[in-house]
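Step one of this worksheet: look at the structure below.
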Amino acid sequence: AQKVTQAQTEISVVEKEDVTLDCVYETRDTTYYLFWYKQPPSGELVFLIRRNSFDEQNEISGRYSWNFQKSTSSFNFTITASQVVDSAVYFCALSVRNDYKLSFGAGTTVTVRA
Amino acid sequence: GAVVSQHPSRVICKSGTSVKIECRSLDFQATTMFWYRQFPKQSLMLMATSNEGSKATYEQGVEKDKFLINHASLTLSTLTVTSAHPEDSSFYICSARDPQGIYNEQFFGPGTRLTVL
């Protein structure tokens, strides 16, 4: 069975600060896929980033970056220079090859204050 | 990108009535769709996997006679909440698997907020 843990329940920052969201996952499969989603107050899930288990290269996409470390089973996500519009609930999710189900973490509520 | 729609976006009904929620893939064929339920301030919980032309697979603890799922075509899956009660009030989200994807990616609908009075 797969498990995703987001230990941070809520994070509050002032605009322009960086925000790092932690995600730890558990799976016995060697091929798996990790995702980050954003859920603003409207409720619609917005896809942010994905990574597969064979690609540990960390990248930056605009104000988003991620740190994938298989050795610690972590897939952390950073928002640089946060903005008020970044206020939302952020979910980390995991699926494994041949099973398309997504296992979601509990979510982290990010509040960016002006 | 692929688009998934849900209808209605919001529904209020009386206790005891049945409510049908539609999930459509607008620009691709989805052989597999998923239904999630989300209570306030909680995460998404998978209810069932809907496969076109076959019976849905329900997660443990989800009553299949309560939550009827039909996936009659490659672009439409429906979830019917039968004899709804106030405890069924929740945010219901569907998703469709990207058949061309290599990352097991799912495209999510905008969700349906159900309130049972």
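Quick notes
- Criterion violated by residue A:39 - all others in (1) closer than 16 Å to residue A:83 by Cα; (2) in contact with a Ser or Thr (Cβ under 7 Å, 6 or more places away or on another chain) satisfied: (2)
- The stretch B:1-23, residues that are touching a strand residue (DSSP E or B) at 6+ places or on another chain (Cβ under 6 Å) and charged (D, E, K, R): B:10, B:20, B:22
- Residue list for the stretch A:3-38, filter: surrounded by 12 or more Cβ atoms within 10 Å (Cβ to Cβ) and either small (Gly, Ala, Ser) or more than 16 Å from the chain's Cα centre (by Cα) (or both): A:12, A:13, A:15, A:17, A:27, A:29, A:31
- Failed condition for residue A:41, given (1) farther than 18 Å from residue B:105 by Cα; (2) buried (at least 19 other Cβ atoms within 10 Å of the Cβ); (3) of a type outside the set (Ser, Thr, Tyr); (4) within 14 Å of chain B (Cβ to nearest Cβ): (2)
- Of all residues in the stretch B:75-117, those satisfying the criterion of being within 23 Å of residue B:42 (Cβ to Cβ) and of a type in the set (Phe, Trp, Tyr) are B:91, B:92, B:107, B:108.
- Within the stretch A:39-49, the set of residues being assigned to a strand (DSSP E or B) and farther than 19 Å from residue A:3 by Cα comprises A:39, A:46, A:47, A:48.
- Being polar (S, T, N, Q) and part of a strand (DSSP E or B) is a property that residue B:29 lacks.
- For the stretch B:49-68, a residue qualifies if it is at pLDDT 95 or above and within 21 Å of residue B:9 (Cβ to Cβ), and the qualifying residues are B:67, B:68.
- Total residues in the stretch A:50-66, condition within 11 Å of chain B (Cβ to nearest Cβ) and either surrounded by 15 or more Cβ atoms within 10 Å (Cβ to Cβ) or at positive phi (or both): 4
- Condition check for residue B:41: among the charged types (D, E, K, R), over 30 Å from residue A:9 (Cα atoms) and surrounded by fewer than 17 Cβ atoms within 10 Å (Cβ to Cβ): no
- Considering the stretch B:35-117, the qualifying strands (runs of 3 or more DSSP E), each wholly inside and each with 2 or more residues that are more than 10 Å from every other protein chain (Cβ to nearest Cβ), run over B:45-51, B:67-73, B:76-81, B:90-97, B:112-116.
- Enumeration of residues in the stretch A:79-102 that are surrounded by 16 or more Cβ atoms within 10 Å (Cβ to Cβ) and modelled with pLDDT of 95 or more: A:79, A:82, A:86, A:87, A:88, A:89, A:90, A:91, A:92, A:93, A:94
- Count - residues of the stretch A:67-109 that are away from chain B (no Cβ under 14 Å) and of a type outside the set (D, E, K, R): 17
The values are calculated or read from the model by the stated rules, or taken from the named source; none is laboratory data. The model shown is predicted, which means the values in this text are computed figures rather than measured ones. Positions of Cβ are backbone-derived with ideal geometry, glycine not excepted, and every protein chain shown enters the neighbour counts.
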